[in-house]
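Visitor: Have a look at this one before I ask anything.
The values are calculated or read from the model by the stated rules, or taken from the named source; none is laboratory data. Fair warning: this is a prediction, and the values are worked out from it, not measured in the lab. Cβ sites come from the backbone with ideal geometry, for glycine too, and all protein chains shown count toward neighbours.
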Amino acid sequence: MGLGDIRYDHIIAATEEFRRLGRDNFLRTHGFGRARSYELVLDGRRYDSKAITGVAHGYATGDFLSAGDFSGGAATVARCLRELGFVVDAGASSHNPADLLARLRNLKVSRGPGNPGPSRHQPLSLLWAISRGAAEQPRLTPWTRFRDEVGPLLTEFGLPNAKATPEYPFWHLQGSGLWEVRGIPNELAKKMPNMSVLKAQHPQAGFTAETADILRDPVTRLDAVVTICETYLEDVDRQALFERIGLSGYTTAGGALSPSEEQSSGDVMDEYGRTTGPAPRRDANRSIIVRDEALARKVKDLENDRCQICDTTLRYLNRPYSQAAHIRGLGRPHSGPDELQNLLCLCANCHVLFDGLEIYVDSDGLVRGTRGGRDARPLRRDPRHPMDEAYFRYHRTLCTLNARRPGVG
């Protein structure tokens, strides 16, 4: 299969689709695996070269190639991309999910007098940066904003009696290989700049472009959050921390909840402080996820509206009632796909327990409670209803993160 029809703009179109879908969805959609060696490097980001080329061929000719349709390597894909003016890295990237997690586990954190544990300044700063990435905010942050947002975080969740010095993680996180600081002249960057230099130079800092790209994958991002918390923040109230830092979506399998509506200032109260009259209303504009209702109906039909966990069949308005539950949530920060392999048919009670991380499905297909005291029972499976173990593994990781029970995984 020739690649001669591909032009520069076709490659660009493929990279734009890659960023829009995310690496895993892009590769799964077009039938490719991750690159083992050759990677396209563009604007500081890395792309799986063979997948990009196969999709670019589709933009050029209408024939989208999958991995089995053509061979990759130096003489085909790499040559095509280089002839079009692109940079191709022939070696496997040193920054991959496994490398990132290893670097997170081995941060060069200090240990102050009177505090036997490692300093939390760098771990808390990294979680804060991860929350920005999950919210699709710019990866580089001005020093003044970093100071104003991370400083109070260090005071609230740092070690007892530790000083809140946001300038230290802002600068020293560069030692992790995952972080960069821009805007400090070379002659002033030989040692950590003092506060007057930071104020005068207006530097920015954040994850490197490559690290930020890796963390766009929701699975890797969750693994990074778990690694930081279990390595450095074991004794921290994680729900309080996540709420404070903007990662509250990780406290439920369904993603972040919408804030409750505030009470209208025009409510009329009785002598006991209760609202009288009809419930207040207000206009609101909001963005909601559009689910595939036909897919939800399909999983319910396959399971005959019977809960796969407790075998209950509910009835409502004289009809069978069940709920289609996503194993890896659709909302942020989970960004799970709306597909049959990511769906369960559950009763309302088990749906709440599953989304609330009170129950999980272990690697043997048994439903267990995260807090113990619940008899394990097999998840009912219909051969017509495939379910992806990767989604169950993601859900178990969330349970581990919140329950701090390593055995869950």
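Visitor: Take R332 and decide whether it is modelled with pLDDT of 90 or more and touching a Gly at 6+ places or on another chain (Cβ under 6 Å).
Guide: The answer is no for R332.
Visitor: In this structure, does P203 turn out to be outside the structural domain of R393 (by TED's automatic domain parsing), in contact with a helix residue (DSSP H, G or I) (Cβ under 9 Å, 6 or more places away or on another chain) and either closer than 25 Å to Y47 by Cα or at pLDDT below 90 (or both)?
Guide: Against the criterion (outside the structural domain of R393 (by TED's automatic domain parsing), in contact with a helix residue (DSSP H, G or I) (Cβ under 9 Å, 6 or more places away or on another chain) and either closer than 25 Å to Y47 by Cα or at pLDDT below 90 (or both)), P203 does not qualify.
Visitor: Here is a check on your reading of the model: is N186 at positive phi, modelled with pLDDT under 95 and exposed (fewer than 15 other Cβ atoms within 10 Å of the Cβ)?
Guide: Here the answer is no, as N186 does not meet what is asked.
Visitor: Listed residues E156, E262; which is surrounded by fewer than 20 Cβ atoms within 10 Å (Cβ to Cβ) and modelled with pLDDT of 90 or more?
Guide: When all the criteria are applied, what remains is E156.
Visitor: Please go through region 84-98 and pick out each residue that is in a helix (DSSP H, G or I) and either at pLDDT below 85 or surrounded by 16 or more Cβ atoms within 10 Å (Cβ to Cβ) (or both).
Guide: Answer for region 84-98, where residues must be in a helix (DSSP H, G or I) and either at pLDDT below 85 or surrounded by 16 or more Cβ atoms within 10 Å (Cβ to Cβ) (or both): just P97.
Visitor: Taking the condition of being on the phi > 0 side of the Ramachandran plot and among the small types (G, A, S), how many residues in region 310-358 meet it?
Guide: So the answer is 1.
Visitor: Could you look through region 179-193, keep only residues that are assigned to a strand (DSSP E or B) and charged (D, E, K, R), and pick out the one that is farthest from L124 (Cα to Cα)?
Guide: Going through the qualifying residues, I end up with R182.
Visitor: Identify, by number, the condition in (1) farther than 29 Å from C229 by Cα; (2) of a type outside the set (D, E); (3) in contact (Cβ under 8 Å) with a residue 24 or more places away in the chain that P203 doesn't meet.
Guide: That leaves (1) as the condition not met.
Visitor: With the requirement that a residue be in a helix (DSSP H, G or I) and out of contact with any Ser or Thr (no Cβ under 6 Å at 6 or more places or on another chain), what does region 350-359 give you?
Guide: If the condition is that a residue be in a helix (DSSP H, G or I) and out of contact with any Ser or Thr (no Cβ under 6 Å at 6 or more places or on another chain), then C350, H351, V352, L353, F354 are the ones that fit.
Visitor: Sticking with this structure for a sec: Kindly establish whether R147 is of a type in the set (K, R) and within 23 Å of the chain's Cα centre (by Cα).
Guide: No.
Visitor: Considering only residues that are more than 28 Å from the chain's Cα centre (by Cα) and either small (G, A, S) or part of a strand (DSSP E or B) (or both), look in region 360-387 and name the one that is modelled with the lowest pLDDT.
Guide: Among those that are more than 28 Å from the chain's Cα centre (by Cα) and either small (G, A, S) or part of a strand (DSSP E or B) (or both), it is G373.
Visitor: Now for a separate question. Scan region 16-38 residue by residue and report those that are touching a strand residue (DSSP E or B) at 6+ places or on another chain (Cβ under 9 Å) and under 21 Å from R221 (Cα atoms).
Guide: Answer for region 16-38, where residues must be touching a strand residue (DSSP E or B) at 6+ places or on another chain (Cβ under 9 Å) and under 21 Å from R221 (Cα atoms): F18, R19, R23, F26, L27, G33, R34, A35.
Visitor: Considering only region 102-146, how many residues are in contact (Cβ under 8 Å) with a residue 40 or more places away in the chain and part of a helix (DSSP H, G or I)?
Guide: So the answer is 20.
Visitor: I'm told G273 meets every condition in (1) surrounded by 13 or more Cβ atoms within 10 Å (Cβ to Cβ); (2) modelled with pLDDT under 90; (3) over 25 Å from L21 (Cα atoms) except one. Can you identify the failing condition by its number?
Guide: That leaves (1) as the condition not met.
Visitor: Now for a different question. S176: of a type in the set (S, T, Y) and closer than 21 Å to K108 by Cα, yes or no?
Guide: Yes: the conditions hold for S176.
Visitor: Looking at V181, V197, which is the one that is farther than 26 Å from R221 by Cβ, among the hydrophobic types (A, V, I, L, M, F, W, C) and touching a residue at least 12 places away in the same chain (Cβ under 8 Å)?
Guide: Selected residue: V197, the only one of V181, V197 that is farther than 26 Å from R221 by Cβ, among the hydrophobic types (A, V, I, L, M, F, W, C) and touching a residue at least 12 places away in the same chain (Cβ under 8 Å).
Visitor: Additional query: Quick check: anything in region 127-140 in contact with a Leu (Cβ under 8 Å, 6 or more places away or on another chain) and farther than 26 Å from R332 by Cα?
Guide: Looking for residues that are in contact with a Leu (Cβ under 8 Å, 6 or more places away or on another chain) and farther than 26 Å from R332 by Cα, one finds none in region 127-140, hence no.
Visitor: Just to be sure, is F26 touching a helix residue (DSSP H, G or I) at 6+ places or on another chain (Cβ under 6 Å), without any contact (Cβ under 8 Å) to a residue 40 or more places away in the chain and more than 30 Å from R139 (Cα to Cα)?
Guide: no
Visitor: Kindly provide the set of residues from region 311-349 that are free of Cβ contacts under 8 Å to residues at least 60 places away in the same chain, assigned to a loop (DSSP other than H, G, I, E, B) and surrounded by fewer than 16 Cβ atoms within 10 Å (Cβ to Cβ), ordered by number.
Guide: T312, T313, L317, N318, D338, E339 - these are the residues of region 311-349 that are free of Cβ contacts under 8 Å to residues at least 60 places away in the same chain, assigned to a loop (DSSP other than H, G, I, E, B) and surrounded by fewer than 16 Cβ atoms within 10 Å (Cβ to Cβ).
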